[in-house]
Amino acid sequence: MAEKYGTPLKIMLPYIIEQRVEDLMDLFDDVIREYKYKGQFYYHYPMKVNQNREFVLPIISEGSNLETTSANELWVVKRLWESNRFNSRIKVICNGPKTDQYLALIAELKSNGLDIVPIIEDLSERESLQKFRGQVGIRVDMGVKVDSYWDKKVERFGLQLDELWELGRIKNLTMLHYHSGSEIQKETDILRPLRKAMDVYKRLKKDNPFLDTIDIGGGAPGNYNGKKKYSVASVVRSLIRFLDKFCRENEIPHPNIICEWGSYVAAPSQITVFSVISQKRIPKAVAKQWYIVDGSFQTQLLDTWAIHKQWHVVPVNNAYSKKLTRTWLAGLSCDSDDKYTAGGNYILLPRLEDLESGAKQYISFLDTGNYQDGFANHHCLNATPAKVICQNGDVTLIRKRETPDDVGKLFGW
Ligand SMILES: Cc1ncc(COP(=O)(O)O)c(C=O)c1O
């Protein structure tokens with residue numbers, strides 16, 4: 001594919017995303033049955049993780065619901081709804097700050113019959129949603145710190161608990177929501193916020209009898225660096241076991257459970273392939289050679305720079321070569337931050353000297369399906385790569401590589 005379509009190239013595999021959604025829904029349903037749990041499970045795909053059509057369509061075809069974070073994501077939902085691409089029972093949760101445009105679209109879709117639940121994110125949203133004729137949810141900062149890439153000292157989303165208790169009864173409240181971090185590193189860190197959330201849920205239910213759903217947000221890892229952290233099967237079992245025990249002890253009905261694990265579902269279904277265009281000796285470092293690739297980490301795999309993400313990198317050809325060299329990878333931008341060093345370590349790759357004359361060394365970054373497409377940019381006017389989709393034995397080019405003309409137009413040329 002790299003030879004046929006050129007590099008940099010994104011390769012998307014819808015089968016993987018479909019399988020992940022299906023397995024996750026089956027897993028929750030099986031454990032729910034085993035524990036005779038009375039609540040239902042709903043998977044909501046957080047669109048921000050990857051809004052591309054080739055991601056969203058396979059996901060909703062598996063019966064997934066959606067979560068949006070902006071007016072424009074909801075506009076995509078509107079298009080899907082109007083073109084009858086949806087199962088009419090689909091549910092949509094609206095998170096994120098609500099602009100007037102976002103609120104108007106929520107109201108419009110609700111009156112057109114979509115099952116849509118806006119989540120109150122702060123006190124002003126409570127005011128704006130007073131007249132909303134449907135169910136609402138509320139996002140609360142549980143104040144539980146977890147070990148994750150995105151753990152922030154101060155959380156900016158959701159209401160603080162003291163603010164929540166001052167509100168009293170909230171009209172049409174059915175859902176309590178929190179999100180405690182992405183790519184959570186320990187299984188216990190997925191459970192700890194839920195323990196706190198259920199105490200809040202129990203107290204909130206006293207004033208809000210229609211409250212029947214707990215939304216645990218995102219957080220399960222997408223397995224970026226090839227190291228397995230914990231199994232999703234064991235997390236799901238622990239979650240249901242805890243909820244069942246808590247509800248029995250506190251004599252409240254089992255809540256429905258929503259999970260918005262986005263990276264877990266989307267990351268493994270895309271890989272990004274580069275070719276090495278040259279090498280350069282590194283005088284004094286743990287790595288011996290810079291390999292300069294024909295794409296950019298700062299524009300195409302932005303998390304390399306933003307959160308120093310560790311990727312799983314593999315050579316595509318010469319994969320079994322015994323003559324390897326310690327490399328750092330450098331991108332096309334004229335920017336010293338456009339590099340990948342595996343966290344100051346090195347990436348072991350085949351030596352370029354051993355390639356047949358004229359041959360290229362291709363390398364793959366695995367698990368690039370989450371966030372990177374939405375974050376991508378045009379620093380140094382680097383072009384967006386071509387993308388192919390592999391489905392039912394066929395490889396189809398779904399996005400052409402941007403031409404200089406395409407990129408120039410974005411900048412008014
Ligand atoms: C509210 C909410 N839900 C879900 C997600 C998806 O998280 P992840 O990709 O870690 O599963 C996020 C990520 O920021 C989020 O803020």
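Some notes on this structure:
- Counting only strands (runs of 3 or more DSSP E) that sit wholly inside the stretch 331-413, those with at least 3 residues that are open to solvent by less than 40 Å² (accessible area, probe 1.4 Å) and more than 16 Å from the ligand (Cβ to nearest atom) are 347-350, 362-365, 386-391.
- Some residue of the stretch 172-180 being within 16 Å of the ligand (Cβ to nearest atom), in a loop (DSSP other than H, G, I, E, B), within 21 Å of Gly96 (Cα to Cα) and touching a strand residue (DSSP E or B) at 6+ places or on another chain (Cβ under 6 Å): yes
- Flag if Ile59 is within 28 Å of Thr396 (Cα to Cα), open to solvent by less than 50 Å² (accessible area, probe 1.4 Å) and touching a residue at least 60 places away in the same chain (Cβ under 8 Å): yes
- When the stretch 145-190 is filtered for residues that are open to solvent by less than 30 Å² (accessible area, probe 1.4 Å), under 24 Å from Lys48 (Cα atoms) and aliphatic (A, V, I, L, M), the ones remaining, listed by number, are Val146, Leu159, Met175, Leu176, Ile184, Ile190.
- Residue under evaluation Thr327, criteria (1) closer than 16 Å to Lys280 by Cβ; (2) open to solvent by 30 Å² or more (accessible area, probe 1.4 Å); (3) among the β-branched types (Val, Ile, Thr), criterion not met: (2)
- Selected residue (only one of Lys152, Lys196, Lys205 is within 14 Å of the ligand (Cβ to nearest atom) and out of contact with any His (no Cβ under 6 Å at 6 or more places or on another chain)): Lys152
- Test: residue in the stretch 124-141 that is without any contact (Cβ under 8 Å) to a residue 24 or more places away in the chain, within 20 Å of Cys259 (Cβ to Cβ) and either open to solvent by less than 70 Å² (accessible area, probe 1.4 Å) or not assigned by TED's automatic domain parsing to the domain that holds Ile90 (or both): no
- Of all residues in the stretch 40-51 being under 20 Å from the mean Cα position of the chain (by Cα) and open to solvent by 40 Å² or more (accessible area, probe 1.4 Å), the one that is nearest to the ligand (Cβ to nearest atom): Lys48
Matching residues to (1) within 16 Å of the ligand (Cβ to nearest atom); (2) outside any helix (DSSP H, G or I):
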| residue | (1), (2) |
| --- | --- |
| Val31 | no, no |
| Lys38 | no, yes |
| Pro58 | no, no |
| Glu73 | yes, no |
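- Boolean, Trp311 is in a helix (DSSP H, G or I), at pLDDT below 95, under 31 Å from the mean Cα position of the chain (by Cα) and buried (at least 20 other Cβ atoms within 10 Å of the Cβ): no
- The stretch 79-97 residues that are more than 18 Å from Ala107 (Cα to Cα) and of a type in the set (A, V, I, L, M, F, W, C), paired with ones that are open to solvent by less than 70 Å² (accessible area, probe 1.4 Å) and not in a strand (DSSP E or B) (beta carbon under 6 Å, 6 or more apart): Phe86/Leu80
- Total residues in the stretch 217-268 satisfying the condition of being open to solvent by less than 10 Å² (accessible area, probe 1.4 Å), assigned to a helix (DSSP H, G or I) and over 16 Å from Gln40 (Cα atoms): the figure is 5.
The values are calculated or read from the model by the stated rules, or taken from the named source; none is laboratory data. Computed from a predicted structure; not experimentally measured. All Cβ positions, even for glycine, are placed from backbone atoms using ideal geometry, and neighbour counts span all protein chains on display. Ligands, DNA and RNA are excluded from the accessible area calculation, which covers all protein heavy atoms including side chains. Shrake-Rupley method; radii C 1.70, N 1.55, O 1.52, S 1.80 Å.
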